[in-house]
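Following: one structure in structure tokens, then a few remarks.
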Amino acid sequence: MKKIINITLAVFILAGSLMLASCSSTPSEEEMMQLKNLKQQVADLEKQIAEKKSEKAALEKQIAEKNGRLQQCQSDQEAVKKGLGQ
Amino acid sequence: MKKVLLLSLVVFALFVTVAPLIAQDEMTKEQWQEQMKSLKEKQTALQADLTKLNGEIDGMKTQSTKLDADVLACEDALYALLGVTRADVEAFDKELTQMENRVAELQRMSDAELVNYKDELAKLDARIKEMAASKISLIPRYGDRVKALQDKITGLLNSIQKEKTYTVGTWGRDRDCLWNIAKKKDIYANAWMWPKIWQGNRDMIKDPDVIKPKWVLKIPDGKELSKEEKSAANRYYRQKVAAAPAEPKPVEEKKP
């Protein structure tokens, strides 16, 4: 009986040691802070990119309008020259 | 002893069950490393995207500024061709827009209301003709607008100048006399306006008491009798009174 108890205790000690060993490998508070900061930086970058994309779209629209205005003006010039008989 | 063994087994079982559950909430070092690596890669890619976008935006801003200058130069050249200034064109545009808005208001009026704006329409018509003759109208976008407005004004003028007529029916069926015709809702809705029909159709109506079926009478515009129409009506009433036999009791006035 004593033998059984000794074996059981040995098994407990071994299993407990293994579990403690596996659970002890967690990041430190400083490392967790690094991760948090990095996540924040990535989120900020994503926000900046979204803003830049919308700025780019607005500029594209402006340029298209100005191109249209320039073409219209050139075509008006032609029509006026024709009208004036030049 | 058996009790000690049993208790140890229960504690072990509990430990084995609960320990992994507690460990699930916490990040392992490996997981931290993986997340850090993945986030750093993402940060690098995003940084590159941002740099690229900034470059593109700078290029577009330069292009936009150049286009502004090109448009300005083109418009200046266009106005120089016409011998006008930018201020002239802006004033022309402003006046045209105001006229377009006013004509749109007039278009919403009925013909009867429009008659009261005959003079304004005539002025608009004269002004749009001047604008059509202006060199600025050679610019197609203004020429087109001027032409469209001119058509609208002509349409309005036509609608008020269009002569309204009435075909006389029979007395037996329609009870048509000048009094009753003037009283009709779609004519003047006022029987006392009958002299206007009489005076407007002097070529046909010699005696306002006599109108014949199938005559097509012109219905002149207006809300009130003119001085001449009033005089004609008074003459008619005086003649009626003079022609009436002198009787002691009053005679009912005959409707014209």
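Values in this text are rule-based calculations from the coordinates and carry no lab data. The structure presented is a predicted model; accordingly, all values stated were derived computationally and were not measured. Quick reminder, even Gly has a Cβ in these numbers, built from the backbone with ideal geometry, and neighbours come from all protein chains shown.
For the reader, a short list of remarks on this structure follows.
- With the convex hull drawn around the C-alpha atoms of chain B, the volume per residue stands at 390 Å³.
- Remark: spin-label model distance B:Asn190-B:Ser134 equals 4.0 nm, labels positioned 7 Å along the Cα→Cβ axis.
- Electrostatic bookkeeping for B:Leu50 treats Lys and Arg as +1 and Asp and Glu as -1; over the other residues with beta carbon under 13 Å from its beta carbon, the sum is -1.
- Rounded to whole Å, the principal axis extents of the Cα atoms in region B:74-161 read 48, 18, 17, largest first.
- Reference-scaled alpha-carbon Rg (2.2 N^0.38 Å with N residues) for region B:164-243: 1.03
- Reachable lysines, given that their alpha-carbon falls under 23 Å from the alpha-carbon of A:Lys3 and they are not under 8 places away in the same chain: B:Lys2, B:Lys3
- Too-long pairs where the Cα-Cα distance tops 22 Å, listed order kept, from A:Lys47/B:Lys66; A:Lys47/B:Lys52; A:Lys53/B:Lys42; B:Lys162/B:Lys185; B:Lys129/B:Lys196: A:Lys47/B:Lys66; B:Lys129/B:Lys196
- Degrees between helix B:227-243 axis and first principal axis of chain B (Cα, 0 to 90, nearest 10): 40
- Counting 0.36 nm for each residue step from B:Arg141 to B:Ala243 and taking away their Cα separation leaves a gain of 29.8 nm.
- Cα centroid separation - region B:90-153 against region B:164-208, whole Å: 36
- The label point for B:Gln31 and the one for B:Thr65, both projected 7 Å from the Cα toward the Cβ, are 5.2 nm apart.
- Cα→Cβ-extended label distance, 7 Å offset, between B:Ala122 and A:Lys82, nm: 3.8
- Nearest-ten-degree value, helix B:140-161 long axis tilted from longest Cα axis of chain B: 40
- Using the Cβ-Cβ distance between B:Thr154 and B:Lys212 with R0 set to 56 Å, the FRET efficiency from 1/(1 + (r/R0)^6) comes to roughly 0.95.
- Take every Cα pair under 8 Å whose residues are at least 6 apart in sequence, average their separation, divide by the length of chain B, and the relative contact order is 12 percent.
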